[in-house]
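Working notes for the structure below.
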């Protein structure tokens, strides 16, 4: 098994030839499918591809690592000129064949099983004797043999050739397999070898055969104004083999299967939420949806806005997490709420489709969450204390609620009111106008006024990019888009009216998102969940799920690698969060690529062993997370080469940020893929 791994790192491959074969194939398909724009598309693709391949390049990479990079960066370059659709997959399928045949040939040659006249290079139709070309009539679907001289002319000429016609249309050239039995045997051998390698890193044949998996997710939102939940079925598709050797699953579809009722968040008093009433409501929602808690794979509880400040907010999280399913997480934090609202509203997806930059503003009962999304990515998030429930007023103008932000604004405006007082319509309008003006201020630029700076809960947005349109979600957005007309005992409707007025005055381009009032809860249930790669190493004796683990990034420069420097980087990572190795459980995140040579991996494992001396001695859980697909290799090497034998896990192909908190769930599909909820827990920041 170890020898097979060495074969991969020592393969002899002419990667430059493979690269140009890929470029040539791509150009040929472009000219076939997009004859009018092919030249411009081709130039842009080649430039993007070359730039990606030349970035972070180094001489220490093996041929196999370079080949993987050629494969990995192809899709990223192609995305610069094409959308991900069926046409996109035509290119991927074509290049996939080049990669797989190249790797198959190189592996077999390294083992002395085959010999070629040319020592290096990909197996292409003109050199691989197991393939041939024929004429193909797209009208009658017949194939015709090509004379040897004509075949030589087609394969070797750089000029545009005029092809024969059949059924009134020019025939096409089709690549066929000339010796299907031989190819079938080679593919079987390659498949068996790959399965054998994967078995040691916990790749099973069952997981390899699955292209899709589905998870049932719940999103629970306990907000300043309202509380509700929804259930969705998340579909994950294995990334095509060309893009990712470890076949990671990615979210491809979200089907909402139940949208619950929306109720006013029950309160015992101004500072306390009625937990029992809330729990009872969500239990009834489960029954109404016909879903038992054992059926739920993942999800999130979002305690948002002013509700997160209630004195029993943490208790709500704990109760809902245990009552609502086996793997449901508590998620809070203003920036993360902004991200989830943008994802759930659909504006991030729309920015990708339109290839534009949009800002989503989720105006709820207590806060407004802002996010800038550009071409499918969330670039920046922020949050400000502006919402429709920050002042409660009944139909007789009697004040029923005054939250802290409104108290501050009243002071700034020279107003003095208490709960129970009667307020004039004019003073209500002054407060509402101030809120609306401040919101528009932070939509268009950084907070400058005294009130805006005071109300901001986070840093300002990054305004360096031009915004093409603004969308609104949340309860107040229902009024902005005319979906709600009923006025409640708050300032929500008045606030929406004033926001619309300012939007018109300042000529702000307004667009409508797919989801408005349910944006945050949809984001919580659908986009807080990620899954690991399928080359992980996890001690089978660990009890999962594991919850509320802080993420600490290890700043390790692989170019200056040494055991001492690795130990120092891990020690500094613990210090940043006032954590102690051997006492506190953390998830150490490595986002720098790691050399895959046997010497480097063994040295890295030894460095980890010395870094976790106290954890090993105290049998403390060790969690290592890698951005690249190397978790299985590191885990196996630790097990084989160090004293670290149990109570540790190595997960890979996960994107994390320092300051995130994570829950790691029970493995899915034969123990190969691990679900993870990424969150930012406001309650744990005291640590």
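Which residue out of 435, 417 is touching a residue at least 60 places away in the same chain (Cβ under 8 Å) and either assigned by TED's automatic domain parsing to the domain that holds residue 487 or part of a helix (DSSP H, G or I) (or both)? It would help to see each step written out before you state the result.
Details: 417 fails: touching a residue at least 60 places away in the same chain (Cβ under 8 Å).
When all the criteria are applied, what remains is 435.
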Fill in: Options 100, 89: the member that is more than 17 Å from residue 18 (Cα to Cα) and either in contact (Cβ under 8 Å) with a residue 60 or more places away in the chain or touching a strand residue (DSSP E or B) at 6+ places or on another chain (Cβ under 9 Å) (or both)
89
Worksheet item: Which condition breaks for residue 495 when tested against (1) part of a helix (DSSP H, G or I); (2) without any contact (Cβ under 8 Å) to a residue 24 or more places away in the chain?
Response: (2)
Response to the item:
Matching residues in segment 566-600 (in contact with a helix residue (DSSP H, G or I) (Cβ under 8 Å, 6 or more places away or on another chain) and at pLDDT 85 or above) number 11
Worksheet item: at pLDDT below 70, in contact with a helix residue (DSSP H, G or I) (Cβ under 8 Å, 6 or more places away or on another chain) and part of a helix (DSSP H, G or I): does that describe residue 307?
Response: yes
Practice prompt. Hey, can you tell me all the residues within segment 321-338 that are under 21 Å from residue 549 (Cβ atoms) and either assigned to a loop (DSSP other than H, G, I, E, B) or at pLDDT below 75 (or both)?
Written response: 321, 322, 324, 325, 326, 327, 328, 329, 330, 331, 332, 333
Discussion item. Here's a check for you: in segment 505-537, which residue that is at pLDDT 90 or above and either buried (at least 16 other Cβ atoms within 10 Å of the Cβ) or assigned to a strand (DSSP E or B) (or both) is nearest to the chain's Cα centre (by Cα)?
Written reply: 513
Worksheet item: Is there a residue in segment 388-409 that is within 30 Å of residue 76 (Cα to Cα) and in contact with a helix residue (DSSP H, G or I) (Cβ under 9 Å, 6 or more places away or on another chain)?
Response: no
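In the set 374, 345, which member is closer than 25 Å to residue 82 by Cα, under 17 Å from the mean Cα position of the chain (by Cα) and either in the same structural domain as residue 302 (by TED's automatic domain parsing) or crowded, with 24+ Cβ neighbours inside 10 Å (or both)?
345
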Worksheet item: Is it fair to say residue 502 is over 33 Å from the mean Cα position of the chain (by Cα) and buried (at least 20 other Cβ atoms within 10 Å of the Cβ)?
Response: no
Worksheet, complete the sentence: Within segment 570-590, the count of residues that are closer than 16 Å to residue 610 by Cβ, free of Cβ contacts under 8 Å to residues at least 40 places away in the same chain and under 27 Å from the mean Cα position of the chain (by Cα) comes to 3
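Name the residue that is surrounded by the most Cβ atoms within 10 Å (Cβ to Cβ), counting only residues in segment 447-462 that are over 28 Å from the mean Cα position of the chain (by Cα) and not in a helix (DSSP H, G or I). Before you say what the answer is, go through the steps one by one.
At the first step, the residues of segment 447-462 found to be over 28 Å from the mean Cα position of the chain (by Cα) are 447-455.
When the remaining residues are screened for being not in a helix (DSSP H, G or I), the result is 447-449.
Working: 447: 19, 448: 10, 449: 14.
The qualifying residue surrounded by the most Cβ atoms within 10 Å (Cβ to Cβ) is 447.
The values are calculated or read from the model by the stated rules, or taken from the named source; none is laboratory data. Owing to the predicted nature of the structure, the values given are computational and were not obtained by experimental measurement. Ideal geometry is used to build each Cβ from the backbone, glycine not excepted, and the neighbour counts take in all protein chains shown.
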